[in-house]
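> Have a look at this one before I ask anything.
Nothing in this text is a laboratory measurement; each read-out follows from the coordinates by a stated rule. If you're wondering where the values come from, they're calculated on a predicted model, not measured in any experiment.
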Amino acid sequence: MGSGAETRVQLKWHEITCRWVLFAGSGPVRNRVHFEKTEPAKLVSIKDIARSAKVSHSTVSRALNNSPRVKSDTIERIRRIAEEAGYRGSAIARSLATRRTKTIGVVVTTIADLFAAGVVSGIETVAGDHGYSVVLANSNADPEREKRVVQTLEERRVDGIIVTASRVGALYLPLLSRMNVPIVLLNNQHPSEFAHSVTIENVSASYDATRHLVELGHRRIAYIGDRNGRQSDTDRFGGYRQALDSGQLPFRPEFVVYGSGTPESGMEAMATLLGSATPPTAVFCYDDMTALGAMRQIHASGRVVPRDISVVGFDDLSIVQFTEPPLTTIRQPMTDMGRLAMTAVLDLLGGSGSTHEIKVRGELIVRASTGPVRSDLA
């Protein structure tokens, strides 16, 4: 920088322009800061764009919202003018005009739930493709908290609500009569006549899981269920019983024990089974977290999976392919279920009067935690 030269840098902040002038001479550099009052930058409005495009402001509004009532070339021209002018639409203004906030409330049992993470990923994909944002809320698997969360989301004017693994069930019917937003339940955990839901076919999936063990030659097959009284547990137990019946295997009540869906409870339940006079050679678990606990207890007892006991889970959480051995399980299409739930909400918002009762099939994923029964244990 030569003698007497100066560099000017302008930083705009609200209505104040800060001009920092650096003077360089033969002596030390001297910094001088001058504050000057300037006019605030004018916000570009829809009327400004209409004036420039020589159309009505209602045409501009329709074009920016991609209305089929406006020709595609007009939409493109108006959007180009808006972009060049630096127009930024107001979400608040749009919500007042359309009575829509373009937000969807999603209620999960806990944000730490890997199943919920997969579902939310699918919801966000479809929501984002249609210009919606997602607001996440936590129910802690508490029915009363779940109802409060749902009501709070409605008060915040979300356009629709998706509830995963609902504990409220049929009690949503009177709640819905007082609400003005559509609700879709994903894997509802209590029997109900709720109209809009996305659910995995638990009975057929559990039948497939147990049948896999039967075909491997196992005759003493246990079931570790969920003690919380969920509909999914009833259905999975039903599929287990059907597979035993089809394989002409006797049902043994002592081979049915319950946990709470955690690895710790899976360990406790497996310890009970291992304490039997004649332990099972295979076990089908309500979910993957229970199965992880069961496998740990089997190893702790000095046994080996699957040489001594085969284990099957349910969910196909991302971590189970990395266990030792990798877990055979039923894959719930979590992301697809999220997409389906969000699509159902969009259909309802679009005026669809149809009932959404969507059931998806699970898929048996065979890995190394299951194998043929040992001849000396058959």
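> State the Cα centre-to-centre distance between region 221-270 and region 318-351 in whole Å.
Using only Cα atoms to place each centre, the spacing works out to 23 Å.
> Same structure, new question: Full-extension gain between Ser67 and Asp142, please, as 0.36 nm times their residue separation minus the C-alpha to C-alpha distance. The partial results should precede the final answer.
On the way: separation 75, 0.36 × 75 = 27.00 nm, distance 4.25 nm.
Length gained, Ser67 through Asp142: 22.7 nm.
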